[in-house]
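The values are calculated or read from the model by the stated rules, or taken from the named source; none is laboratory data. If you're wondering where the values come from, they're calculated on a predicted model, not measured in any experiment. Heads up, the Cβs are rebuilt from the backbone with ideal geometry, glycines too, and the neighbour counts pull from every protein chain shown. The protein model used for the area step is the full one, side chains on, heavy atoms only, and it has no ligands, DNA or RNA in it. Shrake-Rupley method; radii C 1.70, N 1.55, O 1.52, S 1.80 Å.
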Amino acid sequence: MIRPATPADIPAIHTLNRELAEYERALEEAKATEKQLHEALFGSRPAAYAHVATDDSTGAVIGYAIWFLNFSTWRGVHGIYLEDLYVRPTARGGGHGKALLTELARICVERGYQRLEWSVLNWNTPAIDFYQALGAHPQDEWTVYRLTDEALAKASGTS
C-alpha cells in the first residue's frame, strides 16, 4: 500500500500535486513541472523525498507524501517536515493517509529524528480532524511567514 516513490511515479505525483492545489483553492500557484519534481526527488542533489500510496487491487498511485529533513537547534537532531500529504477523494477512508503518516513516523523513530511536522490550512477541518485523531497537536503560538515573488526579490536586494 505504501512505498518509496520511483521516477516512474512522477507523472502520477504531478497530477496529484495539481489536484491538491485545486483542493486548496490555489491551482494557479501550482507551477511545478514533472521535470522539476523529478530533479527535486531523483536528481543529483535531491531536495525532498516521496512516498506513494497505491490501490491494492490495481497498483495505481492514489496518494502521496512529499517530505524533507529539517533540523531542530533545540533538540540537536533532524526531523521530517511533511510538505504535502494528499489522497484522492475517491480513496479516502481506506487508511492510505494514515499509512503514509505512519511510514513517516516510523522513519523518524528508526533514524532518531524527534519531530514530524506539517502545516494545514485553517479552513481544512477534515484534515485537522484527521490529524488530531492521530494525536497531532496544533502549534497555535507560531505563525508561518513567507517571502515569494516580488517580496523575495526585494528582500534579496536584487530588485
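Values for this structure:
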read-out: C-alpha center-to-center spacing [the stretch 133-159, the stretch 28-42] in angstrom; value: 20 Å
read-out: When the convex hull of its Cα atoms is projected in every direction, mean area for the stretch 4-159 (nm²); value: 11.2 nm²
read-out: DSSP loop trypsin sites (Lys or Arg not before Pro) with at most 12 other Cβ within 10 Å: longest gap in the chain; value: 76-145
read-out: Extension gain (nm, one decimal) between residue 111 and residue 3, 0.36 nm per residue minus Cα-Cα; value: 37.1 nm
read-out: Positive dipole terminus of the stretch 31-154, leading residue within 126, 137, 40 (C-beta point charges); value: 40
read-out: Extension reserve of the residue 136-residue 35 stretch, reckoned as 0.36 nm per residue once the Cα distance is removed; value: 33.0 nm
read-out: Rounded to whole Å, sorted largest first: equivalent-ellipsoid semi-axes of the stretch 102-159, Cα gyration tensor; value: 31, 18, 10
read-out: Mean Cα-pair separation over length for the chain, i.e. relative contact order, pairs under 8 Å, 6 or more apart, %; value: 17 percent
read-out: Antiparallel DSSP beta bridges within the stretch 1-141, percent to nearest 5; value: 85 percent
read-out: Cα-based equivalent ellipsoid, the stretch 1-73: semi-axes from gyration tensor eigenvalues, Å; value: 19, 17, 13
read-out: Whole-percent carbon and sulfur share, accessible surface of the chain, 1.4 Å; value: 54 percent
read-out: Whole-Hz couplings from phi, Karplus 6.51/-1.76/1.60, listed for the stretch 50-65; x for Gly and Pro; value: 9, 10, 10, 9, 10, 5, 4, 8, 9, x, 5, 6, 10, x, 7, 10
read-out: Heavy-atom surface of the chain, accessible at 1.4 Å and reported per residue (Å²); value: 66 Å²
